[in-house]
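The values are calculated or read from the model by the stated rules, or taken from the named source; none is laboratory data. All values reported here derive from a predicted model rather than from experimental measurement. Cβ coordinates were reconstructed from backbone atoms using ideal geometry, including for glycine residues, and neighbour counts include every protein chain displayed. Please note that ligands, DNA and RNA were not included when accessible areas were found on the heavy atoms of the full protein model with its side chains. Shrake-Rupley method; radii C 1.70, N 1.55, O 1.52, S 1.80 Å.
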Amino acid sequence: MGTISVSHLGKAYKQYPNRWSRLLEWITPGKAKRHALKWVLQGINFTVNAGEAVGIIGINGAGKSTLLKLITGTTQPTTGSVHMTGRVAAMLELGMGFHPDFTGRQNALMAGQLLGMSTEDIARLMPEIEAFAEIGDYIDQPVRVYSSGMQMRLAFSLATAMRPDILIVDEALSVGDAYFQHKSFDRIREFRKQGTTLLIVSHDKQAIQSICDRAILLNAGHLAMEGEPEAVMDYYNAMLADHQNQEVKQEVRDDGKVQTISGTGDARVTSVSLCDANGQIIEAVAVGQAVCLRVAAKCHTQVAELVVGYMIKDRLGQPVFGTNTHHHDRVLKNLAEGTELVLEFEFEANLGPGTYSVAVALHADDTHISNNYEWRDHALVFNVINISQPDFVGVAWMPPKISQR
């Protein structure tokens, strides 16, 4: 079984003021320092237990890829250490270890040995590698004629030809087409069932929340947050607008869920409720029932433009449906300080049985990125029950009309 233990990990690069400073540092008696350290990672501590799946997220430049290189040993740390147990398979840079002038088959033989496979293992597994990669006759063509997607297909097929104890995947999977992405994640899920430990870097919120037990958020080279994937992704979503003078806070609800609230506070949500056709507040909804989402807000300063939106998410935090008044040409303009308003969104709850949450947002423009007044996750939680409809599975209620010809 594979485990990963990261302790006080840090990575810094030397920066010299000019090209002669490096030489002077080498030849000066006593080796006086003529450089400054640029830290890209500092003070990283976490453990991944056997069979656990952990996702690493963060904006570009946060240090995600550097962290994976330190963990896999392709880069040496400045401080701290990494300890791993079990056989490791890693997919970092796309096609890393492939020689452009050799064929895919030849590269598979060489790269496979770098992954710890014997030549006998590779020869035995080659038919399966070819079949999973699905690149056809290109397997015997030079890699230089491959597209980036074909390189990713071959690299992933090779890295996962034998189930590893630890699988480490960087953003490489985002290069492939939708079909191969589904196929790859199916293999990853199967490995997880068999006990493989997974460490994955991805900007794909759905992938992180559906596969991972835990998520780690990196920001400016530091570990900013670690916890349940949904809570970490909500915090990351708030950070995307942190160039504004906004506050980001997290509170634990009575049901144990972590609620993330962010924004400048120029306008704030005062209440959110779900009502039936008679205007009565409800917490349980029947499949297909007509409901109204009522959002009340107040402006705490003059607001030139106000967009109100909501997002319905399933129990894993995956988006089910979201929209806002911008997309329906109902943007509110020039609201004075102290203005109070109530918006009602009427719709039919064509949802499958289960628990759902609603995130509510007040902002300008079409998204919260430029002007986020308030974004409130888990503003409301409700249950959907099936009272009268035929049995079905899934989060969407799309009843068919069945006919025979």
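Assorted remarks:
- Residue satisfying condition, being closer than 30 Å to S388 by Cα and not in a loop (DSSP other than H, G, I, E, B), within set V248, V272: V272
- Check on A296, open to solvent by less than 30 Å² (accessible area, probe 1.4 Å), more than 29 Å from D213 (Cβ to Cβ) and within 29 Å of the chain's Cα centre (by Cα): no
- Answer from E374, E348 - the residue that is of a type outside the set (A, V, I, L, M, F, W, C) and open to solvent by 60 Å² or more (accessible area, probe 1.4 Å): E348
- Criterion: closer than 30 Å to E52 by Cα and not polar (S, T, N, Q) - qualifying residue of V307, V285, V252, V269: V252
- The stretch 210-245, subset assigned to a loop (DSSP other than H, G, I, E, B), in contact (Cβ under 8 Å) with a residue 60 or more places away in the chain and not charged (D, E, K, R), residue farthest from I44 (Cα to Cα): Q244
- Test result for Q76, in a loop (DSSP other than H, G, I, E, B) and over 15 Å from Q151 (Cα atoms): yes
- Annotation: of all residues in the stretch 128-161 being free of Cβ contacts under 8 Å to residues at least 40 places away in the same chain, farther than 20 Å from G116 by Cα and among the hydroxyl-bearing types (S, T, Y), the one that is surrounded by the most Cβ atoms within 10 Å (Cβ to Cβ) is Y138.
- Only one of the listed residues (I188, I261, I200) is of a type in the set (A, V, I, L, M, F, W, C), within 22 Å of W375 (Cβ to Cβ) and either touching a strand residue (DSSP E or B) at 6+ places or on another chain (Cβ under 7 Å) or surrounded by 20 or more Cβ atoms within 10 Å (Cβ to Cβ) (or both). That residue is I261.
- Condition broken by G61, with the remaining ones in (1) at pLDDT 85 or above; (2) farther than 29 Å from D140 by Cα satisfied: (1)
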